[in-house]
1. Among what's in the stretch 305-328 and is surrounded by fewer than 19 Cβ atoms within 10 Å (Cβ to Cβ) and touching a Lys or Arg at 6+ places or on another chain (Cβ under 7 Å), pick the residue that is modelled with the lowest pLDDT.
2. For residue 182, indicate whether it is in contact (Cβ under 8 Å) with a residue 24 or more places away in the chain and outside any loop (DSSP other than H, G, I, E, B).
3. On the basis of being of a type in the set (Phe, Trp, Tyr) and touching a residue at least 24 places away in the same chain (Cβ under 8 Å), does residue 86 make the cut?
4. For residue 123, state whether it is free of Cβ contacts under 8 Å to residues at least 24 places away in the same chain, out of contact with any helix residue (DSSP H, G or I) (no Cβ under 7 Å at 6 or more places or on another chain) and surrounded by 15 or more Cβ atoms within 10 Å (Cβ to Cβ).
5. With the structure loaded, tell me whether residue 12 is more than 14 Å from the chain's Cα centre (by Cα) and either closer than 25 Å to residue 211 by Cα or basic (Lys, Arg) (or both) or whether it fails that test.
6. Quick check: is even one residue across the stretch 200-210 more than 11 Å from the chain's Cα centre (by Cα), under 20 Å from residue 91 (Cβ atoms), of a type in the set (D, E, K, R) and surrounded by fewer than 21 Cβ atoms within 10 Å (Cβ to Cβ)?
7. Could we say that residue 193 is in a helix (DSSP H, G or I) and either in contact with a Cys (Cβ under 8 Å, 6 or more places away or on another chain) or at pLDDT 90 or above (or both) here?
8. Of these, 180, 138, 100, which one is of a type outside the set (Lys, Arg), crowded, with 22+ Cβ neighbours inside 10 Å, under 30 Å from residue 217 (Cβ atoms) and at pLDDT below 85?
Amino acid sequence: MADPLLDIQNVAKVYGDDETGLVALNDFSLTIAKDEASIITIAGESGSGKSTLANLVLGFTRPTRGRILFDGMDVARANPAQMRDYHRHVQAVFQDPFGVYNPFYRVQHVFDMVTKNFGLAADKVSAREMMEEALNAVGLTGNDVLRKYPHQLSGGQRQRIMMARAYMVKPKLIVADEPVSMVDASLRASILDVMMKLRDEGGISFLYITHDLSTAYQIGDKILLFYQGTLAEEGNAVDVISNPQHPYVQLLIDSVPKADPNIRWQGEIELPSEEELRTARASGCRFVPRCPHAHDACRKALPPMFEISQNGHRASCYLHADVTKEPL
């Protein structure tokens with residue numbers, strides 16, 4: 001088996017003490033291959049642990065337990081020089097295309113800082129060529145945007161410029177945390193097209209953080225769905241969304257509104273308090289208060305991942321605990 005690009009090994013993040021602390025992420029593992037670029041989608045509700053995972057991968061916070069290896073290097077143990085090199089290979093695109101810019105500088109300043117910090121170009125001519133190449137990759141040109149101020153650009157342009165900035169350093173992985181949630185629907189397709197183009201033509205893998213299952217279905221090669229800091233289900237994006245096997249994932253997909261005027265919302269949904277299930281001492285399935293299939297085993301221990309099919313579709317639910325489906 002080839003060496004992985006990113007190898008997340010049983011990573012947990014707990015805020016607070018070992019007994020009553022909040023479990024933001026619970027014993028999570030993931031491997032992203034080095035030899036084939038892919039878009040791995042991390043999906044779930046707000047507070048499910050998606051952004052915690054992004055911050056861990058980017059090195060903004062350290063795991064409480066477990067290791068994150070990039071090309072064999074333990075990110076949590078890296079020295080400043082290694083982290084500088086790491087951030088050249090692992091770039092980020094964040095949710096807010098408005099807040100990442102300094103309004104006092106022109107757009108070119110964004111690219112000048114990247115060129116300077118990573119020593120990408122020997123002179124201004126080669127630097128400008130690199131900027132043009134990166135902007136062309138996302139469907140823009142230097143003459144259109146470099147001399148403008150951020151407020152003179154649309155939200156879609158600002159987000160594509162962030163993609164171009166990340167692309168300019170030729171990373172191996174881009175962590176895209178809700179990159180289309182703050183632009184309107186007409187611009188989302190163009191940004192998602194950019195991501196697929198960078199995967200297919202640039203050989204860049206993406207860790208795509210989202211709560212939007214429609215975009216996950218559209219561009220994701222693999223999808224992982226989180227609930228209360230735990231992994232509920234994973235597999236090929238088409239397989240999981242078209243045939244969900246975890247009760248939470250089934251409920252999540254069923255909750256997507258249908259374009260049918262004859263279907264009406266029926267009252268308000270009342271949800272039980274679930275925060276007590278996120279403490280470090282909690283041992284059962286986090287979905288027990290809402291699950292119609294819950295039984296004693298679910299309250300005693302968090303279900304392991306059971307194999308649904310041979311193509312990597314797995315679910316953390318005791319409904320699949322039979323003699324033909326061994327826990328992994």
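The values are calculated or read from the model by the stated rules, or taken from the named source; none is laboratory data. Predicted model, so just to flag it, every value in this text is computed and none were measured. Positions of Cβ are generated from backbone atoms using ideal geometry, with glycine treated the same way; all protein chains shown enter the neighbour counts.
1. That would be 328.
2. On the way: in contact (Cβ under 8 Å) with a residue 24 or more places away in the chain: yes; outside any loop (DSSP other than H, G, I, E, B): no.
Spelling it out, it is not the case that residue 182 is in contact (Cβ under 8 Å) with a residue 24 or more places away in the chain and outside any loop (DSSP other than H, G, I, E, B).
3. On the way: of a type in the set (Phe, Trp, Tyr): yes; touching a residue at least 24 places away in the same chain (Cβ under 8 Å): yes.
Taking the combined requirement at face value, the residue satisfies it.
4. Working: free of Cβ contacts under 8 Å to residues at least 24 places away in the same chain: yes; out of contact with any helix residue (DSSP H, G or I) (no Cβ under 7 Å at 6 or more places or on another chain): yes; surrounded by 15 or more Cβ atoms within 10 Å (Cβ to Cβ): no.
So residue 123 does not fit the description; no.
5. Details: more than 14 Å from the chain's Cα centre (by Cα): yes; either closer than 25 Å to residue 211 by Cα or basic (Lys, Arg) (or both): yes.
Judged against the criteria, residue 12 is a match.
6. Within the stretch 200-210, one or more residues are more than 11 Å from the chain's Cα centre (by Cα), under 20 Å from residue 91 (Cβ atoms), of a type in the set (D, E, K, R) and surrounded by fewer than 21 Cβ atoms within 10 Å (Cβ to Cβ).
7. Working: in a helix (DSSP H, G or I): yes; either in contact with a Cys (Cβ under 8 Å, 6 or more places away or on another chain) or at pLDDT 90 or above (or both): no.
Considered against the rule, which asks whether it is in a helix (DSSP H, G or I) and either in contact with a Cys (Cβ under 8 Å, 6 or more places away or on another chain) or at pLDDT 90 or above (or both), residue 193 comes out as no.
8. Working: 138 fails: at pLDDT below 85; 100 fails: crowded, with 22+ Cβ neighbours inside 10 Å.
Sole residue among the options that is of a type outside the set (Lys, Arg), crowded, with 22+ Cβ neighbours inside 10 Å, under 30 Å from residue 217 (Cβ atoms) and at pLDDT below 85: 180.
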